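Each remark here refers to the structure printed beneath this line.
The values are calculated or read from the model by the stated rules, or taken from the named source; none is laboratory data. Model, not experiment: these values are computed from the prediction. Note that we place each Cβ from the backbone using ideal geometry, even for glycine, and neighbour counts take in every protein chain shown.
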Amino acid sequence: MEIAMHQPPDFPEYATIPDISRRFRLSRSTLYRLIGQGLVEAVKVGSATRIITRSVECYFAKLPRLKDAA
């Protein structure tokens, strides 16, 4: 089954840590850990960190799926 990754039209391609944290319900420390492990991509703009939104979507798409409980 292929999973379509769609970003809301008003959500930025490069987003701040708080924006990604709210959208995906991930803590700040989890995001930095994922960046450090190379599982999520980020760039620096001066001193600001911007996460590439698509990289977070790809990370979620690669996670193992839960089997049906029933």
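Within region 1-25, if we keep just the residues that are over 10 Å from the mean Cα position of the chain (by Cα) and closer than 8 Å to THR53 by Cβ, the residue that is modelled with the lowest pLDDT turns out to be GLN7. Scan region 46-64 and report the pairs whose first residue is among the charged types (D, E, K, R) and whose second residue is at pLDDT below 95, with Cβ atoms within less than 6 Å and a gap of 6+ or a chain change. Hits for this filter: GLU57/MET5.
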